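As structure tokens, the structure follows; a few thoughts come after it.
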Amino acid sequence: EELLRRQGCRKVFAVVTSANELSLAFHRAIGYRDAACFRQVGYKFGRWYDVTWLEKSLCPLGEPSEFPISWKEVL
């Protein structure tokens, strides 16, 4: 996340199936919030699952600066 922030990215996303409750809880605990839920679109282990997209803001919104900055420039 820090590398993305330094590059100028505004948001980061996680995509998690409803079967993975621990991952959903982890992402919510570190500041991600639910952005979208797609019902019964993920198939694994012989079952259909909802897929949740979560998002986290990395920097304040406003006018964009020059973007993107290569990860090579911020290392």
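The values are calculated or read from the model by the stated rules, or taken from the named source; none is laboratory data. None of the values given here were measured: they were computed from a predicted structure. For neighbour counting, all protein chains shown are included, and Cβ atoms are generated from backbone atoms with ideal geometry for every residue, glycine included.
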Within region 6-62, tally of residues that are within 30 Å of Leu75 (Cα to Cα) and polar (S, T, N, Q): 3
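Quick one: is Arg39 in contact (Cβ under 8 Å) with a residue 12 or more places away in the chain, in contact with a strand residue (DSSP E or B) (Cβ under 8 Å, 6 or more places away or on another chain) and not hydrophobic (A, V, I, L, M, F, W, C)?
No, not satisfied.
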Wholly enclosed strands (runs of 3 or more DSSP E) of region 9-75 bearing at least 1 residues surrounded by 15 or more Cβ atoms within 10 Å (Cβ to Cβ) and modelled with pLDDT of 95 or more: 11-17, 47-57
